[in-house]
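The values are calculated or read from the model by the stated rules, or taken from the named source; none is laboratory data. Remember, predicted model here, so these are calculated numbers, not experimental data. A quick note on method: Cβ atoms are made from the backbone with ideal geometry, for glycine too, and the neighbour counts reach across all protein chains shown.
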Amino acid sequence: MKIQDSVVLVTGANRGLGKAFARALVERGATVYAGARDPLSVADPDVRPVALDVTDPESVTRAAESLRDVTIVINNAGILRAGPPIGAASVDDARAEMEVNYFGPLQVSRAFAPVLAANGGGALVNVLSALSFTPVVQAASYSASKSAAWSLTRSVRDELREQGTLVVAVHAGFIDTDMAKGDDAPKTTPEDVVAQVLDAIEQDREEVLADQISRDFKASLSAS
């Protein structure tokens, strides 16, 4: 499908990768709803701020009821709470990650699937991670939440195929945003990741491996 003249909801659009998505979509001729818990935190004057907390079912339902013209949904909102699975002080961070990174996309997808169907099918994009493929001890629960979201993405893709909805899984390693600011590893720019995703939508591709890390990690699934 074409980005030009599409109507897009981006979750977590007030900063980082979500902000880059919103700006690039505007530049490609889309109408953009910028979802954020605090709509006043959305600074781009060319987008339409929307109050949206992906962990709050009522907030998600209200958004779906009011944004009936959406043709593309980008599930971008996510959090990272570093820590090992056993040595962490509690499971509170793990629960928070699952709420945002797994249940968030699930709730948004459930609410907006009928909207996309009514508008011809459209596209649903889930921003995942290279850690969907390979866990690391110091980000164990984040890895688990993104792995769960990857599994969810594949199931949603199969379920929505009949209504003509393209479901895109996006995997990346280190992106140069606040989430990765404490790591000195080479990083991909948000703009580069976004460009790859928008191109994938226009080319009807179901997966984006945005950098060498994500490509290597996925290849490792079939390695000895």
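Just one of the numbered conditions (1) more than 14 Å from the chain's Cα centre (by Cα); (2) within 20 Å of S151 (Cβ to Cβ); (3) of a type in the set (S, T, Y) is not true of S109: (1). Scanning region 137-180 for residues that are in contact with a helix residue (DSSP H, G or I) (Cβ under 7 Å, 6 or more places away or on another chain) and either acidic (D, E) or part of a loop (DSSP other than H, G, I, E, B) (or both) yields T165, A172, G173, F174, D176, T177, D178.
Say whether the condition of being surrounded by fewer than 16 Cβ atoms within 10 Å (Cβ to Cβ) and in a helix (DSSP H, G or I) is met by at least one residue in region 66-89. Yes; the residues of region 66-89 include at least one that is surrounded by fewer than 16 Cβ atoms within 10 Å (Cβ to Cβ) and in a helix (DSSP H, G or I). Among the residues of region 73-106, just one is among the hydroxyl-bearing types (S, T, Y) and within 16 Å of the chain's Cα centre (by Cα), namely Y102. Restricting region 93-136 to residues that are modelled with pLDDT of 95 or more and assigned to a loop (DSSP other than H, G, I, E, B) leaves a set whose member that is farthest from V167 (Cα to Cα) is F133. The residues of region 138-149 that are at pLDDT 95 or above and either of a type in the set (S, T, N, Q) or surrounded by fewer than 18 Cβ atoms within 10 Å (Cβ to Cβ) (or both), listed by number, are S141, S143, S145, S147. Considering each residue of region 152-161 in turn, at least one proves to be under 24 Å from L67 (Cα atoms), touching a residue at least 12 places away in the same chain (Cβ under 8 Å) and basic (K, R). Restricting attention to region 2-21, the residues that are surrounded by fewer than 23 Cβ atoms within 10 Å (Cβ to Cβ) and at positive phi total 2. Say we look at region 25-48 and pick out the residues that are touching a helix residue (DSSP H, G or I) at 6+ places or on another chain (Cβ under 6 Å) and buried (at least 20 other Cβ atoms within 10 Å of the Cβ); which of these is farthest from R62 (Cα to Cα)? Only one residue tops the list, namely V47.
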